[in-house]
Amino acid sequence: MLSLAKRTESLTPSYTIGISMKVAELREQGKHVINFSVGEPDFNVPEKAKEEAITAIRENRTKYDKVPGLVPLRKAICEKLQQENHLSYEPEEIVVTNGAKQAIMNTLNALVDPGEEVLVPVPYWVSYPEMIKLCGGVPVFVYPKDHKDYKICAGDLEPYVTEKTKLLFLNNPSNPAGALYDKKELEDIAAFCLEKQIYIMSDEVYERFCFDGTYTSIGSLSREIRDMTVLVNGLSKAAAMTGLRIGYTASTKKIASAISAMQGHLTSHPATISQWAAYEALKDCKDEINAQLEVYRKRRDLAMKYLDQMDKITYIRPGGAFYVFINAGAYREAFKGAGSFSVAFCDRLLEREGVAAVPGIAFGMDDYFRISYALGTEELEEGLQKIGSFIKSL
């Protein structure tokens, strides 16, 4: 009998995609839905970046190009990393990808052999475990001893390290919690990984969304750490270029060469038009991008103001990204018998109030749900008020 590949059997469907489908169905029925589930900026691609893409089409810059990406774009990425993150890379160490997701998959394929283990701090972004499994790796979930700030330390990692440990996923600032690591915390993690000879995959796609303190990229701590770190970033969040699908990795030449070789067989390179838009976004759109940061900060503060008024609801102040990860576990009794508390909580919230949120089980913590504040102030306030009403009804 014909069958599918066994790797498909272990995959968990995406909760976020499932919620988006529900939202679409309800809206098609004419129902008003406030969607807190989408991890997508509500801003548009910067104007100059749009114009560069249009110009590139008109000038017929639409042919095949180099697999690791356009040279001008890779040079612009190097300049960005040097100026903003104090990291020194050469264009040969940059690989431009079809979004940050491909950058992560490329990294896993380049570094992790079947059966090797990858440390995944909890809570984690929904796709991390599934990506690891697709590459034949084994996700090992790291539960911090103290979840008060959703961040791991070297002491948390120690019990999970075995002779098969190959890589640590580090998401800074994190999705779903918005947790932001300071320099000292990163130094401790870096020293541990250096001692144990564990690669670091540093997902920094939200690094521009830094509200509290100063952002530190772990690879900037030392040359030794830089050379055992694969930095993953992209333009989807910072420049609102989600649909244009531009991500990138920065690593050693050896790793970049391996990633480029694989990408050549898989996708060749990202669309050249998207790459030219990304180039312009990095070169000439900084002011427009930075202006958006203050808008997100105000939205975060507004969300916290409403959440602080809700009974038995707790959360940790998000230092970055554009999410709040909310603990609603005090209301478990109201959902007694449900297979998953967070799924039942979010399903009822959507059904009764028309508010879509992501259940915490998608991130490895079933007492929680995640909201995104990447939407207009009026809609944000309305949604938060409805969450407050829902909480009071439980």
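For the reader, a short list of remarks on this structure follows.
- Residue within segment 137-144 that is among the β-branched types (Val, Ile, Thr) and within 25 Å of Thr8 (Cβ to Cβ) present: yes
- Evaluation of Glu353 against (1) out of contact with any Phe, Trp or Tyr (no Cβ under 8 Å at 6 or more places or on another chain); (2) surrounded by fewer than 23 Cβ atoms within 10 Å (Cβ to Cβ) (one fails), failing number: (1)
- Any hit, segment 257-264, residues being touching a Ser or Thr at 6+ places or on another chain (Cβ under 9 Å), part of a loop (DSSP other than H, G, I, E, B) and closer than 15 Å to Met105 by Cα: no
- Scanning segment 79-113 for residues that are without any contact (Cβ under 8 Å) to a residue 24 or more places away in the chain and either surrounded by 16 or more Cβ atoms within 10 Å (Cβ to Cβ) or farther than 17 Å from Leu282 by Cα (or both) yields a single hit, Pro91.
- Odd one out for Phe335, checked against (1) closer than 20 Å to Asn175 by Cα; (2) in contact with a Lys or Arg (Cβ under 9 Å, 6 or more places away or on another chain); (3) of a type in the set (Phe, Trp, Tyr): (1)
- Residue match in segment 371-384 (condition: under 24 Å from the mean Cα position of the chain (by Cα), farther than 18 Å from Gly18 by Cα and β-branched (Val, Ile, Thr)): yes
- Only one of Ile246, Ile313 that is closer than 19 Å to Gln385 by Cα and touching a residue at least 60 places away in the same chain (Cβ under 8 Å): Ile313
- Extreme residue, surrounded by the fewest Cβ atoms within 10 Å (Cβ to Cβ), among residues of segment 322-344 that are part of a helix (DSSP H, G or I) and touching a Pro at 6+ places or on another chain (Cβ under 7 Å): Val343
- Lone unmet requirement of (1) farther than 30 Å from Lys6 by Cβ; (2) surrounded by fewer than 20 Cβ atoms within 10 Å (Cβ to Cβ) for Glu163: (1)
For (1) at pLDDT 90 or above; (2) in the same structural domain as Leu350 (by TED's automatic domain parsing), each residue gets a yes or a no:
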{"position": "Met1", "(1), (2)": "no, no"}
{"position": "Ser10", "(1), (2)": "no, yes"}
{"position": "Ser14", "(1), (2)": "no, yes"}
{"position": "Ile17", "(1), (2)": "no, yes"}
{"position": "Ser20", "(1), (2)": "no, yes"}
{"position": "Ala24", "(1), (2)": "no, yes"}
{"position": "Gln29", "(1), (2)": "yes, yes"}
{"position": "Ser37", "(1), (2)": "yes, yes"}
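- Selection from segment 185-243 of residues that are within 17 Å of the chain's Cα centre (by Cα) and without any contact (Cβ under 8 Å) to a residue 24 or more places away in the chain: Gly243
- Any hit, segment 280-297, residues being at negative phi, basic (Lys, Arg), under 21 Å from the mean Cα position of the chain (by Cα) and surrounded by 20 or more Cβ atoms within 10 Å (Cβ to Cβ): no
The values are calculated or read from the model by the stated rules, or taken from the named source; none is laboratory data. Values in this document were obtained by computation on a predicted structure and should not be read as measured data. Reconstructed Cβ throughout: ideal geometry from the backbone, glycine too, with neighbour counts over all protein chains shown.
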